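Trainee: Have a look at the structure that comes next, please.
We did not get these values from a lab; they are worked out from the coordinates using the rules stated. Fair warning: this is a prediction, and the values are worked out from it, not measured in the lab. Note: ideal-geometry Cβ built from the backbone for every residue, glycine included; neighbour counts use all protein chains shown.
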Amino acid sequence: MNRSDPGRKALARLLKSAETWWAKGKVGRVPSLAFTQASFPDYFELPTHEALEALHETLQHAQRREAITIDWDPRAGDQRQIRRIVLADENALADCLGVEPKWAMVHSAEPKVAPFLGHETVRRIWDVWSQGGKVRNTGPEDVDRLVAALRVLEACKDRDETPVRRLSAWLFADSKYVEHNLHALLDELTRGEDDPPVSQAEDVLRRIGLIKHPQPLLIAGQGTIMLTGNRKVALAQPYLGIAPDAFEGMRFDGPPCQDVLTIENLTTFNEAARQMTGATPALILYTGGVPAPSWRRAYAALAGSLPARVRFWHWGDIDEGGFRIASMIAALLPEGRTLQPWLMSPTEVAEAAQPCTTSSTVNAMIRYAKMTGWDDLARQFEHEPVTIEQEVLMPRLPF
């Protein structure tokens, strides 16, 4: 059956109605498709009599297979014009079209997903799928991808960070399978209830500890880094890099630290680090974009070891990702400590900012700003939504 055949289109419309009624639980009702100008204009736009005969033959073939019944208009003569087609057997209709209907997909997927229904998010996804809906553009036909995503999370459970392509090759014999196929479901399974979906694969993977390659913890400032194994190393200009999981804390033999600034992008971090002088009582840390789990643990250890007078700052992109990173960092601070924004207000960057017209991006930025504790900034974006990449701005320090 030709996929561009108007007769096939009519049958597909009828099957879609059957799937919709199945999803809504309308048992006992029989879908039909009226051949009127309003409901199926294709019937009245056929270019030739031969095209009309071909459509009739397609539908009569489906009727012979007991998939549908054809209601002919007796006023037009014997089998000359169709008044409507009525579903006779939904499975036979799907077979005519060579497709798997939604109810069959759900039936096939159920035993695969059943072992994981104790997972709250899996249960929510399954509830949507089993009613004919989609989650992150996936349905029951994607159950193998859902199970694969759960396998990835299980493999990551007791690891700090894992090279994503190695794990992908181990689990699926395809080094890029996770990056190309699973990031949306991994995000759905791990994001917070109030967090908007994340579309960037690398941001999702780094959040759960899947990295392309290990990132060092880059620190600029004065002091001595205390490392695991009773080791220590003095910070050097312009900055020093260590393995994040080796970090245990800082010691300050000179002036005590008064400020800690985190910076999202490497270019800006490099430029800001070179503005530090030997007498600046502050630290600057590069987040590596979305901070990985080992970086987050190192930052939490640093924040927990510093006295209450220390101020914590963050400077990132003014976009959804930048504010999401800020909310992640703010959550690492000890209770009672706050993260302050640096050069992330529309009024501070007005000369370089671009208006943001995408409502979903603006809403996500506002939501993350509130999660970070930046209510004043959230109100500014409600009235003046803008975006800007950090690299556009010349570095300035808050201390």
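Trainee: Run the dipole for the chain about the Cα centre, Lys and Arg Cβ at +1, Asp and Glu Cβ at -1, nothing else charged, and hand back the magnitude in debye, nearest 20.
Mentor: 720 debye
Trainee: Another one. Sort L15, L186 by Cβ crowding within 10 Å, fewest neighbours at the top.
Mentor: Ranked by crowding around the Cβ, least crowded first: L15, L186.
Trainee: Please quote Rg/Rh for the stretch 75-169 to two decimal places, taking the Kirkwood radius as Rh and restricting both calculations to Cα atoms.
Mentor: When Rh is taken as the Kirkwood radius, the ratio is 1.25.
Trainee: While we're looking at this one, here's another question. Could you check which residue among V290, V260, V233 shows the biggest mean-square fluctuation in a GNM of the chain with a 10 Å Cα cutoff?
Mentor: Checking each option, the largest mean-square fluctuation is seen for V233.
Trainee: Also, quick follow-up: The chain: Rg/Rh from Cα coordinates, Kirkwood Rh?
Mentor: Rg/Rh: 1.16.
Trainee: What is the total of Lys pairs in the chain with C-alpha atoms under 21 Å apart, excluding same-chain pairs fewer than 8 positions apart?
Mentor: Lysine pairs, 8 or more places apart or on different chains, close enough: 15.
Trainee: Residue by residue, what Karplus-based ³J(HN,Hα) values in Hz, rounded to whole numbers, does the stretch 36-44 have, using 6.51, -1.76 and 1.60 with θ = phi - 60° and x for Gly and Pro?
Mentor: Here the 3J(HN,Hα) series is 10, 4, 6, 8, 8, x, 4, 5, 9 Hz.
Trainee: About its Cα centre, what dipole magnitude does the stretch 102-211 give when the only charges are +1 on Lys and Arg Cβ and -1 on Asp and Glu Cβ, stated in debye to the nearest 20?
Mentor: In debye, rounded to 20, the stretch 102-211 gives about 260.
Trainee: OK, next. Whose amide H sits under 5 Å from the amide H of G249, counting only residues 5 or more places off or on another chain, with H placed in the peptide plane?
Mentor: Sorted by chain and number, the residues that satisfy this are M226.
Trainee: Can you tell me which of A234, A201, A298 moves the most in a GNM of the chain? Springs connect C-alpha atoms under 10 Å apart.
Mentor: A234
Trainee: For the stretch 102-211, what's the relative contact order in percent, using C-alpha pairs closer than 8 Å and at least 6 residues apart?
Mentor: Dividing the mean separation by the residue count of the stretch 102-211 yields 24 percent.
Trainee: Over the chain, calculate the relative contact order: mean separation of alpha carbon pairs under 8 Å at least 6 apart, over the residue count, as a percent.
Mentor: 9 percent
Trainee: In addition: With an 8 Å Cα cut-off and a minimum separation of 6 or more residues, compute the relative contact order for the stretch 217-392 in percent.
Mentor: Computed value for the stretch 217-392: 20 percent relative contact order.
Trainee: Tell me what the chain gives for mean residue ellipticity at 222 nm when only DSSP H runs of n ≥ 4 count, each as -39,500 (n - 2.57), the sum divided by the residue total, rounded to 500 deg cm²/dmol.
Mentor: Using -39500 (n - 2.57) per qualifying helix, the result is -12000 deg cm²/dmol.
Trainee: With springs only between Cα atoms under 10 Å apart, run a GNM on the chain and tell me which of D317, D95, D203 wobbles the most.
Mentor: Comparing D317, D95, D203 in the GNM, the peak value goes to D95.
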